[in-house]
Amino acid sequence: MAIMVMPLSESDNRARNKINKMVQNAVKKGVLWKSTYCQDCGVFATEKPLSAHHEDYNKPYSVEWLCNKCHGKRLRRSRRVIVDISKWPNGHIISDTVS
Ligand SMILES: [Zn+2]
């Protein structure tokens, strides 16, 4: 298993955008559940927009729905995302760093 932890780069952003697109498409198709409230603070999606948070980008459909404030807190806590690049056909490396 090839695991790499890398600082945030252009290719990371591309891979993350791709995953986020996959999530959006799955929600549109009705195959992925989207919460109507923030799963951390409980604020309703009608009050604040929610985004999909990944604890593990190796599981693109394993997401939690968080408001921007809670999402920021989570990203600060988990500064890095470790990804098994052997699962990515194009050798994508995904990581997350928040300054
Ligand atoms: Zn929240």
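The values are calculated or read from the model by the stated rules, or taken from the named source; none is laboratory data. In this text the structure is predicted, and so the values were computed from the model without any measurement. Note that each Cβ is placed from the backbone with ideal geometry, even for glycine, and that neighbours are counted across all protein chains shown.
Among the residues making up region 28-64, a single one is of a type in the set (Val, Ile, Thr) and closer than 19 Å to Asn17 by Cβ: Val63. Scanning region 46-99 for residues that are at pLDDT below 90 and of a type in the set (D, E, K, R) yields Glu55, Asp56, Lys59, Lys73, Arg74, Arg76, Arg77, Arg79, Arg80, Asp84, Lys87, Asp96. Considering region 56-69, and only residues there that are charged (D, E, K, R) and surrounded by 12 or more Cβ atoms within 10 Å (Cβ to Cβ), the residue that is nearest to the ligand (Cβ to nearest atom) turns out to be Lys69. The set of residues in region 40-49 that are in contact with a helix residue (DSSP H, G or I) (Cβ under 9 Å, 6 or more places away or on another chain) and within 8 Å of the ligand (Cβ to nearest atom) comprises Asp40, Cys41, Val43, Lys48. Test Gly72 against the criterion of being within 10 Å of the ligand (Cβ to nearest atom) and of a type outside the set (D, E, K, R), and give yes or no. Judged against the criteria, Gly72 is a match. Count, please, the residues in region 25-39 that happen to be in contact (Cβ under 8 Å) with a residue 12 or more places away in the chain and either more than 16 Å from the ligand (Cβ to nearest atom) or touching a helix residue (DSSP H, G or I) at 6+ places or on another chain (Cβ under 6 Å) (or both). Residues meeting the conditions: 4.
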